Amino acid sequence: MIELTNVTKAYPNGVHALNHVDLKIEDGEFVYVIGATGSGKSTLIKLLNGEEVADEGTVIVNGVNVGTLKHRKVPAYRRNIGCIFQDYRLLPKLTVQENIAFALEVIGMSKKAIKNRVREILDLVDLRDKARSYPDELSGGQQQRVTIGRAIANRPKILIADEPTGNLDPEKSLEIIRLLEKINHNFGTTIVMVTHDKELVDRFKKRTIILDGGYVIHDSNIGGYKSL
Amino acid sequence: MLLFLKSIPRLYRSARKDLGRHFPMVFSSALSIGVALLIAMLLIVVAANVNQFTNSIEEELVIQASINPTADEQTKTNLYHEIQSLDYIKNVRYSSKENELDQLIQENGDIFSQYAQEGRNPLYDIYVVEVTDPAQIDQVSQQVEELDGIQSVNYGGGSIQKLVSIFQGLRQYGSLFIVGMILLAVFLIRNTIKMTIHVRKDEIAIMRQVGAYNWYISTPFVIEGMMIGFWGALIPSLLVGIGYPLLYQNLHGVFISDLFTLVTPIPFLFWVILGLFALGLGIGMIGSYLAVRKYIRWIR
């Protein structure tokens, strides 16, 4: 579960990114976070994955108070949070399967276990035939699926997606959202998806949180831009 | 700890891959370590041999105390006892001037025979004094010289001391130079590793994102630094390992005269090469550690 209580975050340049935000996301939920540039979406993500610490209030994720987490405990905490980004962030010199395996090597998983897990992931993201391809040989949608594969490889409880469809055409965006739904449904992974994509938000109706100027101005389970 | 041990092969592979990525920088760092260690190696080899030379010379060192020609037998006997009662005296032997002349003729040829006639011998009767500690020879010879009935003393100390002081100078300035070169090598390695870290910054960011511990991220860079140090040590080690035995063989183990025997290659070379590798690895480790500490600081 994710629980933000009265969270405020300001940067040294004086920008108040988040102001007194209260938010509760239950396990297994699929939530959109939408808002204009500078509305505080990125700061919210950074607070959730432990990159930033709130100035005021508490951020509790899976029972862990992220703000008081010691530095050396952050890596272990991050293993429960998968992240995907608009720009994919794949390692260009590694193949698809190596990119996915990378996340598992880092946490010291055995070679055999990695091999099995990578195969499962490749099936899940439907890229088995591209296992030995390099990122620049793939389409944008395929690259994003590799990123998703890497993010969920060590079975995180939460998946944060920062504009995952931002660089994709509508058809590919659809593929990605269906994959995220599948992960949410099959594994009970909580998904927090930051997006600008109105069409997707309208078509796949989920709980929608709108940020504006660092405030939560809308939080509804009805979903969709049109309902706002 | 278990995770660390399990990860070593992976971390090593990662370091090795990096070495190939920016070979020119790695090569120049390894070369600078190589040069520093080469000079260190030469100095060590020269130092060990000069030490051996001075030791062997010192072992042969005796004080020749010339007795005043006016001294009678009683004075000579008294002198003998007085010299024997001094500190650090191993042995005192009397040698008449006739005996000394015979030796001179024997060593340097018949040309000195002209002095053999009665009344023409210019030499003195002497006491040959051996000391227990060669380092004290200067002090002992001064004490002997002050004794009544002693005309002069001679132990060839001047030339030995000159040799020792030349060597000490060489060692001092050489050591300073080596320290400078080592610092330069550390700096070059630090910069090489800094560049590697920069090249891999995306990878490091992803590692952090997926929950890699800081040691997992930084260890390959330290291994890389140590590998550069290892390559640097290889050059002087090969040179000394092949060159010194060849030199030893060609000179038949001596330098100029039998007095200057060279240090036998084994186990001497074993220790020199071991030292070179330890120094190379040490430089690599310190250089890369400095880079890692600065550029892979723990940030959230």
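The values are calculated or read from the model by the stated rules, or taken from the named source; none is laboratory data. Fair warning: this is a prediction, and the values are worked out from it, not measured in the lab. Note that we place each Cβ from the backbone using ideal geometry, even for glycine, and neighbour counts take in every protein chain shown.
Evaluate the range B:109-121: report whether one residue or more is closer than 17 Å to B:Ile63 by Cβ and touching a residue at least 12 places away in the same chain (Cβ under 8 Å). Reasoning before the result, please.
Initially, the range B:109-121 is screened for residues closer than 17 Å to B:Ile63 by Cβ, giving none.
Checked against the condition, which is being closer than 17 Å to B:Ile63 by Cβ and touching a residue at least 12 places away in the same chain (Cβ under 8 Å), the range B:109-121 yields no hits at all.
Find the residue count for the range A:90-121, including only residues that are in contact (Cβ under 8 Å) with a residue 12 or more places away in the chain and under 16 Å from A:Ser133 (Cα atoms).
Adding up the residues that qualify gives 14.
Across the range A:47-61, what is the total count of residues that are surrounded by fewer than 17 Cβ atoms within 10 Å (Cβ to Cβ) and not in a loop (DSSP other than H, G, I, E, B)? Walk me through how you get there before you give the answer.
The initial filter retains those residues of the range A:47-61 that are surrounded by fewer than 17 Cβ atoms within 10 Å (Cβ to Cβ), namely A:53, A:55-56, A:58, A:60.
Still in the running and not in a loop (DSSP other than H, G, I, E, B): A:56, A:58, A:60.
Residues that pass the stated criteria total 3.
Among the residues of the range B:1-40, which ones are among the small types (Gly, Ala, Ser) and surrounded by 13 or more Cβ atoms within 10 Å (Cβ to Cβ)?
Those that are among the small types (Gly, Ala, Ser) and surrounded by 13 or more Cβ atoms within 10 Å (Cβ to Cβ): B:Ser7, B:Ser14, B:Ala15, B:Ser28, B:Ser29, B:Ala30, B:Ser32, B:Gly34, B:Ala36, B:Ala40.
Consider B:Glu203 against the criteria (1) within 14 Å of chain A (Cβ to nearest Cβ); (2) not in a helix (DSSP H, G or I): it satisfies all of them except one. Which criterion is unmet?
Among (1) within 14 Å of chain A (Cβ to nearest Cβ); (2) not in a helix (DSSP H, G or I), the lone unmet condition for B:Glu203 is (2).
Is it true that some residue in the range A:157-164 is of a type in the set (Gly, Ala, Ser) and within 14 Å of chain B (Cβ to nearest Cβ)?
Yes, the conditions are met somewhere in the range A:157-164.
Quick one: count up the residues across the range A:95-114 that are more than 22 Å from the chain's Cα centre (by Cα) and either at the interface with chain B (Cβ under 9 Å from one of its Cβ atoms) or surrounded by fewer than 16 Cβ atoms within 10 Å (Cβ to Cβ) (or both).
Within the range A:95-114, residues that are more than 22 Å from the chain's Cα centre (by Cα) and either at the interface with chain B (Cβ under 9 Å from one of its Cβ atoms) or surrounded by fewer than 16 Cβ atoms within 10 Å (Cβ to Cβ) (or both) number 5.
Kindly indicate the residue of the range A:62-86 that is assigned to a loop (DSSP other than H, G, I, E, B) and more than 10 Å from chain B (Cβ to nearest Cβ) and also farthest from A:Thr165 (Cα to Cα) among those meeting that condition.
So in the range A:62-86, the residues assigned to a loop (DSSP other than H, G, I, E, B) come out as A:62-63, A:69-70, A:79-80, A:86.
Those still in the list that are more than 10 Å from chain B (Cβ to nearest Cβ) too: A:62-63, A:70, A:86.
Working: A:Asn62: 27, A:Gly63: 30, A:Lys70: 33, A:Gln86: 7 Å.
Of everything passing the filter in the range A:62-86, A:Lys70 is farthest from A:Thr165 (Cα to Cα).
Assuming B:His252 fulfils every condition listed in (1) loosely packed, with under 13 Cβ neighbours inside 10 Å; (2) of a type outside the set (Asp, Glu); (3) more than 14 Å from every other protein chain (Cβ to nearest Cβ); (4) closer than 30 Å to A:Asn49 by Cα apart from one, which condition is it?
If we test B:His252 against (1) loosely packed, with under 13 Cβ neighbours inside 10 Å; (2) of a type outside the set (Asp, Glu); (3) more than 14 Å from every other protein chain (Cβ to nearest Cβ); (4) closer than 30 Å to A:Asn49 by Cα, just (4) comes out false.
Which of (1) in contact with a helix residue (DSSP H, G or I) (Cβ under 7 Å, 6 or more places away or on another chain); (2) surrounded by fewer than 15 Cβ atoms within 10 Å (Cβ to Cβ); (3) of a type in the set (A, V, I, L, M, F, W, C) does B:Leu246 not meet, given it meets every other one?
So B:Leu246 meets the others, but not (1).
Condition check: more than 14 Å from chain A (Cβ to nearest Cβ), closer than 30 Å to A:Glu98 by Cβ and in contact with a helix residue (DSSP H, G or I) (Cβ under 6 Å, 6 or more places away or on another chain). Does B:Ile197 satisfy that? Full working, then the answer.
Values: more than 14 Å from chain A (Cβ to nearest Cβ): yes; closer than 30 Å to A:Glu98 by Cβ: yes; in contact with a helix residue (DSSP H, G or I) (Cβ under 6 Å, 6 or more places away or on another chain): yes.
Answer is yes for this residue.
A:Glu199 passes all but one of (1) touching a residue at least 60 places away in the same chain (Cβ under 8 Å); (2) part of a helix (DSSP H, G or I); which number fails?
Single failed check for A:Glu199: (1).
Consider the range A:53-78. How many of its residues are modelled with pLDDT under 90 and under 30 Å from A:Leu168 (Cβ atoms)?
Matching residues across the range A:53-78 total 0.
Kindly indicate whether A:Leu124 is within 13 Å of another protein chain (Cβ to nearest Cβ), surrounded by 14 or more Cβ atoms within 10 Å (Cβ to Cβ), in contact (Cβ under 8 Å) with a residue 24 or more places away in the chain and under 30 Å from A:Glu3 (Cβ atoms). Steps first, answer last, please.
Values: within 13 Å of another protein chain (Cβ to nearest Cβ): no; surrounded by 14 or more Cβ atoms within 10 Å (Cβ to Cβ): yes; in contact (Cβ under 8 Å) with a residue 24 or more places away in the chain: yes; under 30 Å from A:Glu3 (Cβ atoms): yes.
When the stated conditions are applied, A:Leu124 does not pass them.
Kindly establish whether A:Gln144 is within 22 Å of B:Gln209 (Cα to Cα) and in contact with a Phe, Trp or Tyr (Cβ under 7 Å, 6 or more places away or on another chain).
Spelling it out, A:Gln144 is indeed within 22 Å of B:Gln209 (Cα to Cα) and in contact with a Phe, Trp or Tyr (Cβ under 7 Å, 6 or more places away or on another chain).
Can you tell which of A:Arg178, A:Arg117 is more than 14 Å from chain B (Cβ to nearest Cβ), outside any loop (DSSP other than H, G, I, E, B) and not hydrophobic (A, V, I, L, M, F, W, C)? I'd like the intermediate steps shown before the answer.
Numbers: A:Arg117 fails: more than 14 Å from chain B (Cβ to nearest Cβ).
Matching residue, one of A:Arg178, A:Arg117: A:Arg178.
Among the residues of the range A:162-188, what is the count of those that are under 19 Å from A:Asn221 (Cα atoms) and surrounded by 21 or more Cβ atoms within 10 Å (Cβ to Cβ)?
Final tally of qualifying residues: 2.
Identify all residues within the range B:198-213 that are modelled with pLDDT under 85 and not charged (D, E, K, R); write none if there are none.
Hit for the range B:198-213 is B:Val199, nothing else.
Residue check, A:Pro156 against (1) assigned to a helix (DSSP H, G or I); (2) within 17 Å of the chain's Cα centre (by Cα), all met but one. Which one?
Of everything listed in (1) assigned to a helix (DSSP H, G or I); (2) within 17 Å of the chain's Cα centre (by Cα), A:Pro156 misses just condition (1).
Out of the residues in the range A:189-219 that are surrounded by fewer than 18 Cβ atoms within 10 Å (Cβ to Cβ) and touching a Lys or Arg at 6+ places or on another chain (Cβ under 8 Å), which is nearest to A:Gln143 (Cα to Cα)?
Looking at the filtered set, the residue picked out is A:Asp202.
To keep it simple, each residue is scored yes or no on (1) in a helix (DSSP H, G or I); (2) within 18 Å of the chain's Cα centre (by Cα); (3) under 30 Å from A:Arg79 (Cα atoms).
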{"site": "B:Met195", "(1), (2), (3)": "yes, no, yes"}
{"site": "B:Met207", "(1), (2), (3)": "yes, no, yes"}
{"site": "B:Tyr216", "(1), (2), (3)": "yes, no, yes"}
{"site": "B:Gly225", "(1), (2), (3)": "yes, no, yes"}
{"site": "B:Leu269", "(1), (2), (3)": "yes, yes, no"}
{"site": "B:Leu274", "(1), (2), (3)": "yes, yes, no"}
{"site": "B:Leu281", "(1), (2), (3)": "yes, no, no"}
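Tell me, yes or no, whether the range B:267-287 has at least one residue that is within 18 Å of B:Ile223 (Cα to Cα), touching a Lys or Arg at 6+ places or on another chain (Cβ under 9 Å) and surrounded by 12 or more Cβ atoms within 10 Å (Cβ to Cβ).
Narrowing the range B:267-287 to residues within 18 Å of B:Ile223 (Cα to Cα): B:276-287.
Then drop every residue that is not touching a Lys or Arg at 6+ places or on another chain (Cβ under 9 Å), which leaves B:286-287.
This time we only want the ones that are surrounded by 12 or more Cβ atoms within 10 Å (Cβ to Cβ), so: B:286-287.
Yes, the conditions are met somewhere in the range B:267-287.
At negative phi, away from chain B (no Cβ under 14 Å) and in a loop (DSSP other than H, G, I, E, B): does that describe A:Pro92?
Values: at negative phi: yes; away from chain B (no Cβ under 14 Å): no; in a loop (DSSP other than H, G, I, E, B): yes.
Judged against the criteria, A:Pro92 is not a match.
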